[in-house]
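Here the structure comes first, spelled out in structure tokens, and everything after it is commentary.
Throughout, read-outs are computed from the coordinates displayed, never taken from laboratory work. The structure displayed is predicted, hence computed values, not measured ones. FYI the Cβ positions are ideal-geometry reconstructions off the backbone, even for glycines, and counts take in every protein chain you see.
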Amino acid sequence: MNILIVTTEFPSVSQTFIADHIASMVHRGHDLTVVSLARRPGVVQDDLKASVTVRYVRDPATLGLFVSGLATGRLRLKWLLRHLSKLWGRNIGQTLKQIAVDTALSAPAVRNMDVVHVHFGPLARLVAQARRAGIFTSPLIATFHGYDATQIIRRMPVGYYRILFEEAALLHSVSERIQGKLEGAGASPEQIRVRRVGLPRGLSRDVGNRHPTPEIAGEGRDAPDGAPLRIVSVGRFVEKKGLEYAISSLHLLAALRPDLHFRYDIIGDGILNDRLRALASSGSAAEHIHFAGPQPRSMVLDTITAADILLQPSVTASTGDEEGIPVVIMEAMKLGTTVLATEHAGIPELVEHRVSGCLVPERDAYAIFQALTELAEDATLRKNCAARALPRVTELHDASKIALELEEDYRNVMDVAATGAVIS
């Protein structure tokens, strides 16, 4: 199959699930083209460089496509006039983005793909409008990941996604919670499939050699006598990651249990960087908290592998923004690191309290402190949770299984486009 993936940025260190999606299709023998809104610093995986064509919407080449599109009739004058009429309105930026997306999708090399699969709802809405305008006719699938089904639906007018729901052959949600959000926004239940993020089969405790450990994935481990408990958090420094509650809980741990030795590493960066660093330096745990900044994926996985606990204190942001299910939780479960997370969004679909990890309420630093204390003192609980996490995450997030589900969806929408049959 010739598959077009449309996304907001590629490659992206915070969207490894998209690279994994692309890799899974390439490895199954399909031809992949990527259209990305923006180019970000990053490295395309070596095994994808020769197999994937990447085009950027915000690229000088798009201007050439625009001119040639008008000259050849791929882009019609009526289409241009309709967009130009909107430039005097209040959504100039959105109109220009729509023109750019339409232009990129009008390229001869991408307009006749077998399937167009878009990640993130707002971008998929732009692509749906391009399809409605006749820029392309291929069947459209849109994947919703979190904020696009929570914050956007809350903030935008009723019916914001109507054109997408009408143009898309299928809607993918990465969790059952997001599925419910889409149904609440007007999507047909028959149109939605839960398609979870897939973790590569090769992900295991031997992903790197910087922090060698003798255990295999899912078996858990005991820290050497006298070694500090190693805790790690990974994510962008934004409100929904809840890192301020993690830091506050570590200050409580240092103040109330000085007998427990620990190290807390925070990997990531973002708009709350200064605020989080100030909070970290102003309490009892200041000397135990270390900011590692953004790191390549290999180093992130090595750090998770070496840790005793992955702390993921996600919260619903004041804007309504929510997670889907954080990929870092899946990675920790696959790598045998015990997960401590919040009862947030789709996380309880994967992590069962005191079975495959531990869960606490959102925005509750004291509850995190209590859970950390228990996990620090009870190595058996940590080990049992880690052991039970591996089959759970494998059951729900096996990349090979999810790739087969995606292939089935692609074939179904292609059959519908060719014959008018009902999607099964």
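Data for the structure
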read-out	value
Inter-site label distance for residue 160 and residue 401 at 7 Å from Cα along Cβ, in nm	3.3
Acute angle (nearest 10 degrees) that the helix 121-132 long axis makes with the longest principal axis of the chain, alpha-carbon atoms	10
q = 0.12, 0.20, 0.27 Å⁻¹, the range 62-117: log10 I(q)/I(0) [Debye, one scatterer per Cα]	-0.29, -0.75, -1.10
Test item: Cα-centred dipole of the chain, Lys/Arg +1 and Asp/Glu -1 on Cβ, debye	1840
Extension gain from residue 109 to residue 281, taking 0.36 nm per residue of separation minus the Cα-Cα distance	56.6 nm
Crossing angle, helix 16-27 versus the chain [Cα axis fit, 0-90 degrees, rounded to tens]	60
Quarter of Cα convex hull surface for the range 249-290, i.e. mean projection, nm²	2.8
Extension gain (nm, one decimal) between residue 343 and residue 290, 0.36 nm per residue minus Cα-Cα	16.5 nm
Modelled FRET efficiency - R0 35 Å, residue 352 with residue 137, Cβ distances, 0.05 increments	0.20
Where only C-alpha atoms are counted, convex hull volume of the range 88-129 per residue in Å³	73
Segment residue 82-residue 299, extension gain: residue separation times 0.36 nm, minus the distance between their alpha carbons	73.2 nm
All-pairs alpha carbon distance profile, the chain, 10 Å steps from 0, percent	4, 21, 30, 24, 14, 6, 1, 0
Estimated [θ] at 222 nm from DSSP helical runs (n ≥ 4, -39500 (n - 2.57)) normalised by residues in the chain, nearest 500	-13000 deg cm²/dmol
Equivalent ellipsoid dimensions for the range 233-328 as semi-axes, Å, which come from the Cα gyration tensor, largest first	21, 17, 13
Footprinting exposure proxy for 264, 147, 56, 366 (fewest neighbouring C-beta atoms within 10 Å first)	366, 56, 147, 264
Residue exposure sequence - 92, 153 - by fewest surrounding Cβ within 10 Å	92, 153
